[in-house]
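Throughout, read-outs are computed from the coordinates displayed, never taken from laboratory work. None of the values given here were measured: they were computed from a predicted structure. Cβ atoms come from the backbone with ideal geometry, glycine included; neighbour counts cover every protein chain shown.
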Amino acid sequence: MKQAMLLTGIISMFVFAAATHAAGDVQAGKAKAAACTGCHGANGEGVAPNPPLTGRTEEEIVQALKDYKSGKRVNATMKMMAGTIKDQDVDNVAAYYASLKKK
């Protein structure tokens, strides 16, 4: 029983460490987000018909970019943009937009 509890604790620490490491860097994301401003606005507020990015979670933005990259979500411009961005940059951009408060 003690071994099972110890093993569970160790596994939990690794999962927590991995989840913490996956978070993006807001300042690095701000620099990379310059490419997004033409369609999504200077502060991610959205420029019709493009949706706002502020007010979304990091997870939502990361998943959307992955879906555009894979073709699960269809938009030629977003497929091109998502196809050129590295995974760490996706995390950083997502962290940046998630840090902005919806107005």
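Computed values, structure above
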read-out: Under 5 Å, built H, 5+ apart or other chain: amide partners of GLY46; value: GLY41, LEU53
read-out: Phi to ³J(HN,Hα) by Karplus 6.51 cos²θ - 1.76 cosθ + 1.60 over the stretch 91-100, Hz, x for Gly, Pro; value: 4, 5, 4, 4, 4, 4, 5, 5, 6, 7
read-out: Backbone HN-Hα couplings from phi across the stretch 74-81 [Karplus 6.51/-1.76/1.60, Hz, Gly and Pro as x]; value: 10, 6, 4, 5, 5, 4, 5, 5
read-out: Theoretical FRET efficiency, 1/(1+(r/R0)^6), r = Cβ-Cβ of ALA48 and ALA23, R0 25 Å, to 0.05; value: 0.25
read-out: Sorted by Cβ neighbour density within 10 Å, fewest at the top, the residues LEU65, LEU100; value: LEU100, LEU65
read-out: Integer Hz, Karplus 6.51/-1.76/1.60 couplings in order for the stretch 24-38, x for Gly and Pro; value: x, 9, 4, 5, 5, x, 4, 5, 6, 6, 4, 5, 8, 5, x
read-out: Volume of the Cα convex hull of the stretch 25-99, divided per residue and given in Å³; value: 76
read-out: Cross-link reach list, aspartates and glutamates versus LYS102, counting only Cα pairs under 12 Å and skipping chain neighbours closer than eight places; value: GLU45
